[in-house]
Every structure is written in structure tokens, then in C-alpha cells.
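First the structure, in the form of C-alpha cells, and then the observations on it.
The values are calculated or read from the model by the stated rules, or taken from the named source; none is laboratory data. Remember, predicted model here, so these are calculated numbers, not experimental data. As a convention, Cβ positions derive from the backbone with ideal geometry for all residues, glycine included, and neighbour counts pool all protein chains shown. Remember, those area values only see protein heavy atoms, side chains included, never the ligands or the DNA or RNA. Shrake-Rupley method; radii C 1.70, N 1.55, O 1.52, S 1.80 Å.
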Amino acid sequence: MVTLSRVKNITNEQEWMKILRKAKDSIVLVEFASATSMGSKGMQPYMQTISRTAEYNRIKMYKVDIESEPDMAIEF
């Protein structure tokens, strides 16, 4: 059985605001990443591992591409 990643991509600020409104008391982990950044590439395996681990099921995980959403990355 293949377990898929629970990391979801956020593609615009409206989507992000909707997620925050729904989150309430949830734990939200957001990775602000870039396809060209070595740090982002190094972090990706850890995010994938965490997202597949049962003990972290309560954490909602998201990823924002800072190249396509630079204003959001600056604001948050």
C-alpha cells in the first residue's frame, strides 16, 4: 500500500485565508519553498516523511511556492 503525502500546495492568498479560517485550533505547518533553493530541496524529504507518519496526522501541512506567490511569502 502506498501512502501519499498530505502536503498540499497553496496557490493563492485567498486559498490560504480560507485554510486559516477553517484551521481554528488545528496545528498548521507551512513550508515556504522555492524550486531553485537548496534549502527547500533539502527540506522536502523531511516534509514528505512527516506527512506520512501516523503520529503527525493531526497536523495540517501546506507548501507555498515563493516564486509564484512572492507577496504571500513576504507577508507571512
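Considering the stretch 38-51, the residues that are in contact with an Asp or Glu (Cβ under 9 Å, 6 or more places away or on another chain) and of a type outside the set (Gly, Ala, Ser) include one that is least open to solvent (accessible area, probe 1.4 Å), namely MET47. The set of residues in the stretch 45-76 that are charged (D, E, K, R) and out of contact with any strand residue (DSSP E or B) (no Cβ under 6 Å at 6 or more places or on another chain) comprises ARG52, GLU55, ARG58, ASP65, GLU67, GLU69, ASP71, GLU75. Which members of the stretch 1-36 meet the condition of being assigned to a loop (DSSP other than H, G, I, E, B) and either out of contact with any Asp or Glu (no Cβ under 9 Å at 6 or more places or on another chain) or without any contact (Cβ under 8 Å) to a residue 12 or more places away in the chain (or both)? Answer for the stretch 1-36, where residues must be assigned to a loop (DSSP other than H, G, I, E, B) and either out of contact with any Asp or Glu (no Cβ under 9 Å at 6 or more places or on another chain) or without any contact (Cβ under 8 Å) to a residue 12 or more places away in the chain (or both): MET1, VAL2, THR3, LEU4, SER5, ARG6, LYS24, ASP25, SER26. Checking ALA54, ALA35 one by one, the residue that is over 11 Å from the mean Cα position of the chain (by Cα), surrounded by fewer than 10 Cβ atoms within 10 Å (Cβ to Cβ) and not basic (Lys, Arg) is ALA54 and no other.
For the stretch 57-69, filtering for residues that are more than 13 Å from THR11 (Cβ to Cβ) and open to solvent by 60 Å² or more (accessible area, probe 1.4 Å) leaves 3. If you go through the stretch 4-32 and keep only what is surrounded by 12 or more Cβ atoms within 10 Å (Cβ to Cβ), hydroxyl-bearing (Ser, Thr, Tyr) and within 19 Å of PHE76 (Cα to Cα), you end up with just THR11.
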